[in-house]
1. Test of understanding: among L90, L80, which residue is free of Cβ contacts under 8 Å to residues at least 60 places away in the same chain, part of a helix (DSSP H, G or I), over 14 Å from E116 (Cα atoms) and open to solvent by less than 30 Å² (accessible area, probe 1.4 Å)?
2. When you check R21 against the structure, is it of a type outside the set (A, V, I, L, M), at pLDDT below 90 and either in a helix (DSSP H, G or I) or open to solvent by 70 Å² or more (accessible area, probe 1.4 Å) (or both), yes or no?
3. Of the residues in region 14-72, how many are on the phi > 0 side of the Ramachandran plot and touching a residue at least 40 places away in the same chain (Cβ under 8 Å)?
4. Out of curiosity, is E30 farther than 19 Å from R111 by Cα and either modelled with pLDDT of 90 or more or open to solvent by 60 Å² or more (accessible area, probe 1.4 Å) (or both)?
Amino acid sequence: PPLAPPAAAAPGAAKAPEGPRFANAAAYEEAWSKFESRAKAGDSVTYFDIPWPLSLPSVSGASPSDATGERKKKLRSALLRWHPDKWAPLMDRVREADRALVTQQVKEVTRRIIGEKERFGG
């Protein structure tokens, strides 16, 4: 079945600026790996440093054509990566002016992953 359109932004939420668009999940994962290395090094982070997966057909990387076990693994991994509690320690290094927007986008990614989990039966 076709993928559902992205969820609408929360009422009253400002539209986030668009970050880089990724050609595919592999390009996104490469960008994430670079971001993760930078974050672990303790560098400061801006909104545009974060590789947002929102331009991909599936923010979790899961697909209806994946085997059930693989799809569940991708969904779980994405939820762990984007869970707002996992971002709490990193937020101290996010530029002050970007924190609210980063928090909003992390929540949006999480909402979309949960939507994919419900759609794919993960």
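The values are calculated or read from the model by the stated rules, or taken from the named source; none is laboratory data. Note that the structure is a prediction, hence the values are computed from the model and not measured. Every residue, glycine as well, gets a Cβ built from its backbone with ideal geometry; the counts of neighbours run over all protein chains shown. Ligands, DNA and RNA are stripped out before the accessible areas are found, and what is left, the full protein with its side chains, is counted by its heavy atoms. Shrake-Rupley method; radii C 1.70, N 1.55, O 1.52, S 1.80 Å.
1. None of the others qualify; the one that does is L90.
2. Against the criterion (of a type outside the set (A, V, I, L, M), at pLDDT below 90 and either in a helix (DSSP H, G or I) or open to solvent by 70 Å² or more (accessible area, probe 1.4 Å) (or both)), R21 qualifies.
3. Counting residues in region 14-72 that are on the phi > 0 side of the Ramachandran plot and touching a residue at least 40 places away in the same chain (Cβ under 8 Å) gives 1.
4. yes
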